[in-house]
Each structure stands twice: as structure tokens, then as C-alpha cells.
Amino acid sequence: MTSPPAPRGPASPAPSPEAAQAVAWLHTARFLTTAPRLEHLPPLDVPEIAFVGRSNAGKSTCINMLTQQKRLAFASKTPGRTQAINLFALGKQGATDAVLADLPGYGYAAVPKADKIRWQQVMANYLVTRESLTGVVMLVDPRHGLTELDDILLEVIRPRVEAGMKFLVLLTKADKLNRSDANKALSIARLQTAGGEVKLFSALKRQGVEETSLLLWQWAHPDAT
């Protein structure tokens, strides 16, 4: 006599049509160019969304999860050593409608001080002057919270955010927190960003993938929302 099938847990709810569209859109990401200096960045007439964060905050993993591509954003074996801005085009081939910018991780101790200072200046200039920059996603490990360098970056972009630029804090590696700690981390991050938008994200459990994808799609297509 065969055993009855084991009971299944509750199925994950199907994504909304809008979220499914956003997920599919991010899957079109492909490498566009890399720029070791700001003057090497091409001028763009489409929205640009930058990903920033401390080294080891899970930035490359987040980008690869959102785009469903394992090695689109390269995670260096020596965190902090990758010092270039990488751009990825989104949209159908030949019809780019937005660009993702992967900025170098900051704050890693092994990087020489002179290199740290130079890249902090490059990133600050990019965040202040890049005309096509529409939104910024800051990646933060909630176990450590926002650090002094994160606070400095917040101050750099605050005038542009107040002028309408989109801003999101993603608390990565959320699978390492229990529910109580996760809620506490959300509350603290919201206070530190003056009520800014904050979401939990886990590549391991795919937590926050669909809602983050939808938000980025809305940033890039304001006329369609």
C-alpha cells in the first residue's frame, strides 16, 4: 500500500501582472560599459538607477538576483578592489529604456587610504552631477545598520532627494534576522533616513525581489504608473 503524499505548505502567492512585468523587464539587463572615471561615462537620455553600499553589503548578489543573472554584477574576491562604475542596459535589444549603475563598494579596510579618498570623491561627484540619475538604491547589512560612511552618502544625495530623486534603502541578508530583529532594523533605518523608503531583502529566500523590481520599474516608467 502506497503512502499518501506528504501535505504541502501554503503556496506562494502569484505575483501581480505588474510585478511579473517588472521582473521580466529586469531580466533583460545586459552589460553596457565600464567607466574608471566620470568622464568615461556616456551621456544618457534614459533614467539611470544607481546601486551603492559598503563592501560586503551584498550589492552584487542583489543586482544578480533582481536581474536573474548569476554573474552580471561581478563580486570581487577582494572586496573594495573593484573601482569602476559598471552600467547595465535594460529593455529590449536596441530599445534601452533605463540603465542600472553598479558603483564600487566603499569602506573596506584593506583598500589604501588614498584610493578610498579618491573614490569617495568620484562617487560624490557622480551622485551630485550625473544628470540622468533618477534613483539611488542603498544596500545595508541590517546586522550592522547604517554606518558613518552611509550617513555621509545620505548627506551628499539629500538635496537631490529633496528635489525629487527616488531613494530606497534595501536591508540585505534579511534571512539572517528573526521577525523581531527585522522589524527593529526597519524602524531604525527609517528613522536614520528621515522616513525614507526601506525594504527587507533576501537573495536566499527571494524576499523583497518582486516588490523591489516593481518599484524600480515605476521609477524608470513614471508616465506608465
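What follows draws every value from the coordinates through simple rules; no lab data is involved. Only a predicted model underlies this, so the values are computations on that prediction, with no experimental measurement involved. Positions of Cβ are backbone-derived with ideal geometry, glycine not excepted, and every protein chain shown enters the neighbour counts.
List of remarks:
- Between helix 113-129 and the chain: long-axis angle, C-alpha atoms, 0 to 90°, nearest 10: 80
- Neighbourhood charge, 15 Å Cβ-Cβ cut-off, centred on Ile157 and excluding it, Lys, Arg +1 and Asp, Glu -1: -3
- One chain, two ends: Gln120 and Ser16. Fully extended at 0.36 nm per residue, the span grows by 33.5 nm beyond their Cα-Cα distance.
- Sorted by Cβ density within 10 Å, fewest first, the residues Arg30, Arg130: Arg30, Arg130
- Sorted ascending by nearby beta carbons within 10 Å, beginning with the fewest, Trp119, Trp217 become Trp119, Trp217.
- Extending 7 Å from the Cα toward the beta-carbon at both Glu131 and Ser180 defines two label points whose distance is 5.3 nm.
- Based on DSSP H segments of at least four residues, each scored -39500 (n - 2.57), the chain has a per-residue ellipticity at 222 nm of -11000 deg cm²/dmol.
- Between the Cα long axis of helix 209-220 and the first principal axis of the chain there is an angle of about 40°, rounded to the nearest 10.
- One entry in (1) 1.15; (2) 0.98; (3) 1.06 is Cα Rg over 2.2 N^0.38 Å calculated from the shown coordinates; its label is (3).
- Radius 9 Å from Cβ of Arg143, net charge of other residues (Lys, Arg +1; Asp, Glu -1): 0
- Straight-distance crosslink candidates among lysines, where the alpha carbon sits under 29 Å from Lys113 and sequence neighbours closer than 8 are dropped: Lys59, Lys77, Lys173
- Environment charge at Leu204 (Cβ cut-off 13 Å; Lys +1, Arg +1, Asp -1, Glu -1): +3
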